[in-house]
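The structure under discussion appears below in the form of structure tokens.
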Amino acid sequence: MDADQTTSKEAEASIDLLVIVLDTNPSQHIVRQNPQNLTQILEAVIAFGNAHLMQKAQNKLAVLSCSHHATNFLYPQPRRPVELRQVDGQYEAFSLVEKTVKQQLGSILMNAPRLSSPCESLLAGSMSMALCYISRLQRNVPPGVKMHSRILVLTGSNECASQYMTYMNVFFTAQKLDIVIDTCALDKTLSLLQQGCDITSGQFLKVTQLDGLLQYLLWVFLPAPQMRNKLVLPPPPKVDYRASCFCHRELIDIGYVCSVCLSVFCKYSPICTTCHTIFKSPGPLPVKGKKKKKTDKQM
């Protein structure tokens, strides 16, 4: 009983940091199909973030906006505090999250450059910024206090193999720092983010109905990673661990790997285009001569 009480006290004193990376790229299929879907996603994210803050007073929240041209912090904004008016029946911290996120995202969308053609989202760079933010807060944690951090990615963009190396660096860095990466796919199944969730012991979920997004978030992603093994959650999908070739940015089953920089290519090249290492061209395999069988006359 004493051990259980000690564990519960440590859990209450610990800090749970949630960093949400929200894909706001207008090139997403769900946004081009209906621009109102972005408003619906934003409302679900705000409610989910406030639910995380409501679980414990020590919990912290950060929201990042990822687009085709930049990554911006929606919350918190320490340099430019938002003018907050008291709303009857609403907790001030929840109102601050809602007002700050909506104002910042509205300003970002108004000043964003116009798109002439669909562009990919800078998800890997946004996740790198989230890792840097977590690392900075980790250094400021008081002695004796533990901080559990995790990243939640919400995106409806397609697979982007051109950011393969950045993705891998983010995944293995998060694994080393004991940071869990969760992914909520709003449109298509993303194999690279599936790999990141599997590497960091996170949860991957593809939402089938956008109307139930908030229910999915509260059911699957609100519980802390330490509690998920005690809950009935969707089974993890089969992870596609195929690598992306550096020459065509496509997923391949079999390829050539540079022994110096570990770059992957779908076809053999005598010079590595990444580190410019020169390799010897493989020669033909030696043909072994057949042994002659001894006949009865030779015997």
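The values are calculated or read from the model by the stated rules, or taken from the named source; none is laboratory data. Quick caveat: nothing in here was measured; it's all calculated off a predicted structure. Neighbour counts run over all protein chains shown; Cβ positions are idealised from the backbone, glycine included. The protein model used for the area step is the full one, side chains on, heavy atoms only, and it has no ligands, DNA or RNA in it. Shrake-Rupley method; radii C 1.70, N 1.55, O 1.52, S 1.80 Å.
Probing with 1.4 Å while keeping every protein chain in the model, the per residue accessible area of the chain equals 61 Å². Computed over Cα pairs, the Kirkwood radius of region 193-238 leads via Stokes-Einstein (1.306 mPa s, 10 °C) to a diffusion coefficient of 139 µm² per second.
Helix 123-139 and the longest principal axis of the C-alpha atoms of the chain enclose an angle of approximately 60°. Rounded to the nearest whole angstrom, the semi-axes of the ellipsoid equivalent to the chain, taken from the Cα gyration tensor as √(5λ), stand at 46, 25, 18, largest first.
Express in % the proportion of alpha carbon pairs of region 106-231 at distances exceeding 24 Å. I get 35 percent for the Cα pairs in region 106-231 exceeding 24 Å. Stokes-Einstein diffusion of region 107-146 at 37 °C, 0.692 mPa s viscosity, Kirkwood radius from Cα pairs, rounded to a whole number: 247 µm²/s. Axis angle, to the nearest 10 degrees, between helix 164-176 and the longest C-alpha principal axis of the chain: 70 degrees. Of the residues Cys261, Cys160, Cys247, the one that moves most in a GNM of the chain with alpha-carbon contacts below 10 Å is Cys261. In region 138-179, the ratio of gyration radius to Kirkwood radius, Rg to Rh, stands at 1.11 when only Cα atoms are counted.
From its DSSP helices (H runs of at least four residues, each -39,500 (n - 2.57)), the chain gives a residue-normalised ellipticity at 222 nm of -10500 deg cm²/dmol.
Of the peptides 126-132, 67-73, the ranking by mean beta-carbon count within 10 Å, highest at the top, reads 126-132, 67-73.
Tally up the carbon and sulfur contribution to the accessible surface of the chain as a whole percent, 1.4 Å probe, everything protein left in place.
Numbers: 10080 of 18310 Å².
The value for the chain is 55 percent carbon and sulfur by accessible area.
Axis angle, to the nearest 10 degrees, between helix 36-55 and the longest C-alpha principal axis of the chain: 70 degrees.
Counting DSSP beta bridges with both partners in region 14-230, what percentage is antiparallel, nearest 5?
15
Packing around the peptides 200-208, 136-144, 237-245, taken as the average count of other Cβ atoms within 10 Å per residue, puts them in this order, highest first: 200-208, 237-245, 136-144. What the pair-distance distribution of region 14-147 shows, using all Cα-Cα distances binned every 10 Å from zero, is 11, 38, 35, 14, 2, 0 percent. Projecting the Cα positions of Ile254, Pro142, Gln209 onto the charge dipole of the chain (unit charges on Cβ atoms of Lys, Arg, Asp and Glu, taken about the Cα centre) puts Ile254 furthest along the positive direction.
Note on the chain: with a GNM built from Cα contacts shorter than 10 Å, the maximum mean-square fluctuation among Pro234, Pro76, Pro270 falls on Pro270. The Ser117 and Asn229 beta-carbon pair, evaluated with R₀ = 51 Å, returns a calculated FRET efficiency of approximately 0.70.
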